[in-house]
């Protein structure tokens, strides 16, 4: 029965990924046409608004299969905020800040001219509020909908790496639209595949808590933009290390 279930569920995995990419095309085109993105205080393209696509694709496929009940079940899964194993609040909130500090240390050793870390608590809160909604929209799809289907077909390691690679292929066009160098994109994508492995590790150890995955995702974005010279070609290399 397990083999049948895995085989039966596999087409929706690729339909899901295809739907996410198709839904993202208008945002990529808008990013190509937009000229106002340079006025945004942080280096994000207009196409970054595609963060809604993983969520929309998930709800479309859930509704197609199980109608309103399926949508309710997915929403119920999202709204499970409490983490039963209290000790896991520590890696959920602090794993990315720790990685940021270590990465900054590596950056400083490689290039002593890197400016010191300098930010206010208000900046941290502001960035967290800015990135929590995109993180939620993405993880509803990545962890809430498709990850378990991948793990049912492969093991957790293979599923997390596969999801991470597809996730980063999806990000390549927005990266190009912010005029990042090829080296920056390579290291950014490589480090983000490892980030997906971290998110999966947290997700599984918090009893498949989507909000825990959302917080790790959000904290990664917050910490990335707190790093000085994050947009430089060398900055993403320490994150990968």
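The values are calculated or read from the model by the stated rules, or taken from the named source; none is laboratory data. From a predicted model like this one, the values you see are computed outputs, not experimental measurements. Counting neighbours? That spans all protein chains shown, and the Cβs are built from the backbone with ideal geometry, glycine included.
Conditions (1) under 21 Å from the mean Cα position of the chain (by Cα); (2) assigned to a helix (DSSP H, G or I); (3) modelled with pLDDT under 85; (4) closer than 17 Å to residue 135 by Cα, marked per residue:
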site: 50; (1), (2), (3), (4): yes, yes, no, yes
site: 53; (1), (2), (3), (4): yes, yes, no, yes
site: 59; (1), (2), (3), (4): yes, yes, no, yes
site: 64; (1), (2), (3), (4): no, yes, no, no
site: 77; (1), (2), (3), (4): yes, yes, yes, yes
site: 89; (1), (2), (3), (4): yes, yes, no, no
site: 97; (1), (2), (3), (4): yes, yes, no, yes
site: 106; (1), (2), (3), (4): no, yes, yes, no
site: 112; (1), (2), (3), (4): no, no, yes, no
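Of the residues screened, residue 183 is one that is surrounded by fewer than 17 Cβ atoms within 10 Å (Cβ to Cβ), farther than 13 Å from residue 103 by Cβ and in contact (Cβ under 8 Å) with a residue 12 or more places away in the chain. Between 170, 142, the distinction of being surrounded by 20 or more Cβ atoms within 10 Å (Cβ to Cβ), modelled with pLDDT of 95 or more and either in a helix (DSSP H, G or I) or in contact with a strand residue (DSSP E or B) (Cβ under 7 Å, 6 or more places away or on another chain) (or both) belongs to 142 only.
Listed conditions (1) under 25 Å from residue 206 (Cβ atoms); (2) assigned to a helix (DSSP H, G or I); (3) in contact (Cβ under 8 Å) with a residue 40 or more places away in the chain are all met by residue 129, apart from (3). If you check 163, 136 for being closer than 21 Å to residue 77 by Cβ, crowded, with 21+ Cβ neighbours inside 10 Å and in contact with a helix residue (DSSP H, G or I) (Cβ under 8 Å, 6 or more places away or on another chain), only one passes: 163. Counting the residues of segment 1-44 that are at pLDDT below 60, more than 22 Å from residue 159 (Cα to Cα) and assigned to a helix (DSSP H, G or I) gives 3.
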